[in-house]
Amino acid sequence: MLLICVSTMQLYGSSFQVPTQYDIEAIAKRVADWQIDNFTYSTTNRHDYGISSWGHAVWYQGLFQWAKISDEGNSYFDWFYNYIGPNSDWKLNGIYPYHADEFCVGQFFTMMYEKFDDLNMLENTLERVDNVLSADLNPSMAYTNKQRWTWCDALFMAPPLYAQLSAITNDNKYLEYMHTEFTKTYGHLYDTSENLFFRDDSYFNKTETNGKKVFWGRGNGWALAGTANIIKNLAENSIYREYYIGVFRELALSLIALQDEDGAWHASLLDPESYPAPETSATALITYGLAYGLNNELLSYEEAYEPVLKAWNKLNEAVLENGKLGWVQPIGQDPKTVTKDMTAPFGVGAFLMTAAEMYLLVDKETSAFSTILEEDFSNPNTQIKVFSLDGKIVLSEKMDIRTMAAWLDNLQIPPGIYLIQYTLHNQFVVYKYKKQ
């Protein structure tokens, strides 16, 4: 009998690689290094392309999350500290004082403050957020009003910052404001029949070529990833936690159902035929949210493990030889056609956020062979499945009290290689098994 970690998984007609931490680190390094080598910023269009713009802020966030894991982390933090910090002066853009996009970089500045304990990194962010809380803002939820979170992308750009600041300052006023504004956006833009977000209210009566409603892939990716980042910064006993987990789960399950057979999501969620190319930024943001959900037990392995693996494989295919990330829809607000050569820093940031969660996910599911072989299955309700390599279920049953080694020895199946899948102590396990 031979039991080894599985490297290729083929279930339900789909085929994909189960990555190792080494695989994830290798491709994340290529992507991160290419983006640093090709980093530029505008001094004229500062809102979208400036050094403190939302487009670059997402890239900083992704690289920061990856740097916490990577062996190259210190060099990335040095780049932040010695290049991004001095050139941005640790300040948010001042063009639109209440626009949610302008606050996205504040999340990165807050992360840097938590790492380096340098108040200079946080002062401007705190000042700007406090100004929002004290301002008399236009209450309209029409999409033309950017003083409120009137578009679903905003749920990534601003709300997690308020949760971060509440955790750092131990002041609940930031959470109270965030929750009030988030629920307004949710109530205005969330379609309860499809369990998806409209990009903004200008899309309420628009339809795709196939007659279905217009739901933008990246917009819903922003909403899922943003909600995950809110939850990440909530205390376990927070009165808001249950609400955000509910929003997260419902949106996540809806998006899982819209994933294509190859593992991607498209620019248009309900009309992928009109936009057949995979869209990397939507796929990365959604995969990040799902992987975070798995790592933090917001989603079960049965619900999200296979979709996450398929999506990660598809994201890897979007990385060119030189490390450039392709198939990223440019800055926009609705579904558009994408090509292999299209890229953007925010797409890279979403990819690296996903890489960090995938790295943790792979570590979480790893188990020592000797422990597994001798493990007593004290829970008779443990479901175990055996798959042939062509994806067919050979056996599916509930385990009783016996060891895995004894169970495998007693398997009445022909000689060959099989995949063994089960959950043990809340950890999902997949192994390749050779029956002599």
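Per-structure values
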quantity	calculated
Some residue of region 76-91 being at pLDDT 95 or above, among the aliphatic types (A, V, I, L, M) and either within 26 Å of T185 (Cβ to Cβ) or outside the structural domain of N138 (by TED's automatic domain parsing) (or both)	no
Test for R128: is it among the basic types (K, R) and free of Cβ contacts under 8 Å to residues at least 60 places away in the same chain	yes
Qualifying residue in region 147-167 (condition: of a type in the set (D, E), over 22 Å from K68 (Cβ atoms) and surrounded by 13 or more Cβ atoms within 10 Å (Cβ to Cβ))	yes
Among the residues listed as A355, A406, the single one being surrounded by 15 or more Cβ atoms within 10 Å (Cβ to Cβ), among the aliphatic types (A, V, I, L, M) and modelled with pLDDT of 65 or more	A355
Filter result for E273 (among the acidic types (D, E), part of a loop (DSSP other than H, G, I, E, B) and in contact (Cβ under 8 Å) with a residue 24 or more places away in the chain)	yes
Any hit, region 381-389, residues being of a type in the set (A, V, I, L, M, F, W, C), closer than 30 Å to E25 by Cβ and at pLDDT below 60	no
Any hit, region 19-28, residues being surrounded by 15 or more Cβ atoms within 10 Å (Cβ to Cβ), among the β-branched types (V, I, T), assigned to a helix (DSSP H, G or I) and at pLDDT below 95	yes
Some residue of region 177-195 being aliphatic (A, V, I, L, M), under 28 Å from T280 (Cβ atoms), under 20 Å from the mean Cα position of the chain (by Cα) and surrounded by 23 or more Cβ atoms within 10 Å (Cβ to Cβ)	no
Scan of region 66-75 for residues that are touching a residue at least 24 places away in the same chain (Cβ under 8 Å) and surrounded by fewer than 21 Cβ atoms within 10 Å (Cβ to Cβ), ordered by number	K68, I69, D71, E72
Test: residue in region 212-221 that is more than 26 Å from P330 (Cβ to Cβ) and in a loop (DSSP other than H, G, I, E, B)	no
Long-range neighbours under 9 Å by Cβ, at least six apart or interchain, first residue assigned by TED's automatic domain parsing to the domain that holds T280 within region 316-337, second among the basic types (K, R) and at pLDDT below 95	A318/K340; L320/K340; G326/K340; W327/K340; Q329/K336; P330/K336
Subset of region 256-270 (residues that are assigned to a loop (DSSP other than H, G, I, E, B) and either without any contact (Cβ under 8 Å) to a residue 12 or more places away in the chain or not polar (S, T, N, Q) (or both))	A257, L258, D260, E261, D262, G263, A264, W265, H266, A267, L269, L270
Residues of region 231-255 that turn out to be in a helix (DSSP H, G or I) and either outside the structural domain of F215 (by TED's automatic domain parsing) or of a type outside the set (D, E, K, R) (or both), as a count	12
Some residue of region 324-345 being among the polar types (S, T, N, Q), at pLDDT 95 or above, outside any loop (DSSP other than H, G, I, E, B) and surrounded by 18 or more Cβ atoms within 10 Å (Cβ to Cβ)	no
Those residues of region 81-98 which are crowded, with 20+ Cβ neighbours inside 10 Å and on the phi < 0 side of the Ramachandran plot, in sequence order	I84, S88, L92, N93
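Table: residues versus (1) crowded, with 18+ Cβ neighbours inside 10 Å; (2) over 24 Å from K212 (Cα atoms).
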site	(1), (2)
L269	yes, no
E273	no, no
P278	yes, no
Y288	yes, yes
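The values are calculated or read from the model by the stated rules, or taken from the named source; none is laboratory data. Just so we're clear, the structure is a prediction, and the values are computed from it rather than from any experiment. All Cβ positions, glycine included, derive from the backbone under ideal geometry; neighbour counts span all protein chains shown.
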